[in-house]
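Undergrad: Encoded as structure tokens, here's the structure I'll be asking about.
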Amino acid sequence: MTTKKVVFDTDPGIDDAMALLYLNACENINLLAITTILGNADIAQCTRNALILRDMFDIKVPVYRGAACHINGSEPEDYPDFVHGADGLGDVGLPEFEGDIEPENATTALIELSKKHAGELTLLAVGRLTNVALAVQQDPEFAGRLKEIIIMGGSAEHPGNVTPWAEANIIGDPEAAEVVFQTGTPLTMVGLDVTTQTRMSHEFLEPITRGLPFGDFILAINRTYADYHVRSENRHDFPVHDSSAIAFTTRPDLFGRVRGQLSCTLEGKERGRTVLVEDPSGPHEVCMEVDSEKMLEDYAASIRRFYHA
Ligand code: BDR
Ligand code: CA
């Protein structure tokens with residue numbers, strides 16, 4: 001089994017928390033660092049949440065704080081508290097935690113890690129692509145040193161979840177997405193086309209988290225997430241966004257893909273749309289199919305094997 005060296009760029013976020021829980025448990029992934037980005041809450045809160053989750057799951061990697069605004073200098077008008085709660089983790093009460101951030105910022109850390117692990121690094125980004133784009137802009141060699149980028153974001157055919165065309169991570173910073181797409185670095189988009197096909201529920205999570213020290217916390221944050229989907233979709237189960245990108249990283253065989261060149265629409269009502277021009281020699285892959293049953297089996301088996309050992 002080949003092991004992937006991974007940096008996880010994240011905006012925790014309830015589904016980011018579920019993704020980190022899974023990522024830490026994957027046998028074929030060597031997690032090197034966590035970098036944070038604004039998105040589901042502001043950068044201070046997302047970074048605090050990353051530190052809380054690292055301590056809770058007993059993950060021994062550094063956390064680097066990322067950008068507080070988008071690459072064009074703008075700041076978000078608001079944050080999706082109606083999905084993730086005002087604190088980004090469901091407003092269920094955040095625990096005390098130990099551990100601190102690193103002195104370097106996320107962009108510097110990404111560049112340094114790309115030098116240390118040149119040609120070997122998988123950059124797994126499940127938030128806005130701001131940190132990645134900043135690294136591209138600061139170091140023209142950065143993107144070429146990465147092995148691959150895997151993102152949760154965007155959509156080829158499925159309607160957007162913020163506008164009819166745009167997904168949240170991409171419309172959060174479309175200019176950043178376009179900078180990243182234009183690098184030509186191999187990139188796989190795990191977007192709404194597949195993340196909406198797999199759904200989790202309390203019934204799925206309860207047996208796999210029962211008895212874990214953080215089991216009640218996981219169930220509580222997902223109750224907040226489920227409540228949003230009851231209000232928005234009238235369903236008690238919910239889509240698996242960020243963990244689908246983890247699943248692709250550990251089990252790419254579960255996904256059907258289309259190859260081509262991606263770009264991001266920057267103007268007009270379709271701003272934030274990801275457009276795929278199919279091309280068998282293109283640098284990008286877009287996930288269009290997933291074996292959801294096997295993916296959930298892998299999620300459950302990984303949690304059981306790692307945390308219940
Ligand atoms: C994406 O947006 C964020 O709110 C989630 O954490 C996920 O990364 C889903 O569109
Ligand atoms: Ca996210």
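Rule-based calculations on the coordinates, nothing more; no lab input. These numbers come from a predicted model, not from an experiment. Neighbour counts are summed over all protein chains in view; Cβ atoms, including those assigned to glycine, are modelled from backbone coordinates with ideal geometry.
Undergrad: Taking the simple approach of a point 7 Å from Cα along Cα-to-Cβ for both E289 and K115, what is their distance in nm?
TA: 4.4
Undergrad: With each run of n ≥ 4 DSSP H residues scored as -39500 (n - 2.57), what mean residue ellipticity at 222 nm is computed for the chain after dividing by its residue count and rounding to the nearest 500 deg cm²/dmol?
TA: -11500 deg cm²/dmol
Undergrad: Under 17 Å from the 7 Å Cα→Cβ point of Q182, by amide nitrogen: which residues of the range 100-143?
TA: Only 129-143 fall inside the zone, counting backbone N under 17 Å.
Undergrad: Okay, moving on. Say the dipole of the range 163-309 comes from +1 at the beta carbon of Lys and Arg and -1 at that of Asp and Glu; which of V179, T265, S243 then lies farthest toward its positive end?
TA: Sorting the options by dipole projection puts first S243.
Undergrad: With r defined as the distance between the Cβ atoms of S201 and E75 and R0 fixed at 35 Å, what FRET efficiency is calculated, to the nearest 0.05?
TA: 0.50
Undergrad: Between the range 101-130 and the range 237-277, how far is it from one alpha carbon centroid to the other, in angstrom?
TA: Rounded to whole Å, the Cα centres lie 20 Å apart.
Undergrad: How much space per residue, in cubic angstrom, does the convex hull of the C-alpha atoms of the range 23-109 take up?
TA: Expressed per residue, the convex hull around the Cα atoms of the range 23-109 is 113 Å³.
Undergrad: Oh, and also: Rg and Dmax of the range 4-307, using alpha carbons, in Å: what are they?
TA: Considering the range 4-307 through its Cα atoms, Rg and Dmax are 17.5, 50 Å.
Undergrad: Please work out the FRET efficiency for the pair N30 and A86, using the Cβ-Cβ distance as r and a Förster radius of 41 Å; give the result to the nearest 0.05.
TA: Approximately 0.75, to the nearest 0.05.
Undergrad: Here is a follow-up. Taking every eigenvalue of the Cα gyration tensor of the range 181-291, multiplying by 5 and rooting it, what semi-axes result, largest first, whole Å?
TA: Semi-axes (√(5λ), whole Å): 32, 18, 12.
Undergrad: So, one more: Report the extension gain between A301 and H158 in nm, rounded to one decimal, defined as 0.36 nm multiplied by the number of residues separating them, less their alpha carbon distance.
TA: 48.6 nm
Undergrad: Also, I was wondering about something else. For the chain, what does the relative contact order come out to in percent, with C-alpha contacts under 8 Å and a separation of six or more?
TA: 19
Undergrad: Multiply the residue separation of R259 and K60 by 0.36 nm, subtract the distance between their alpha-carbon atoms, and state the gained length in nm to one decimal.
TA: Roughly 68.1 nm would be gained on extension.
Undergrad: If you only keep lysine pairs separated by 8 or more in sequence, or across chains, how many in the chain come under 20 Å at the Cα atoms?
TA: 11
Undergrad: Expected output is a single nm value to one decimal: the length gained when fully extending between E96 and E278, i.e. 0.36 nm times separation in residues minus the C-alpha distance. What is it?
TA: Separation in residues times 0.36 nm, less the Cα-Cα distance, equals 60.7 nm.
Undergrad: For I101, I246, I43, what's the fewest-to-most ordering of other Cβ within 10 Å of each Cβ?
TA: Ordered from fewest to most neighbouring Cβ atoms within 10 Å, I101, I246, I43 come out as I101, I43, I246.
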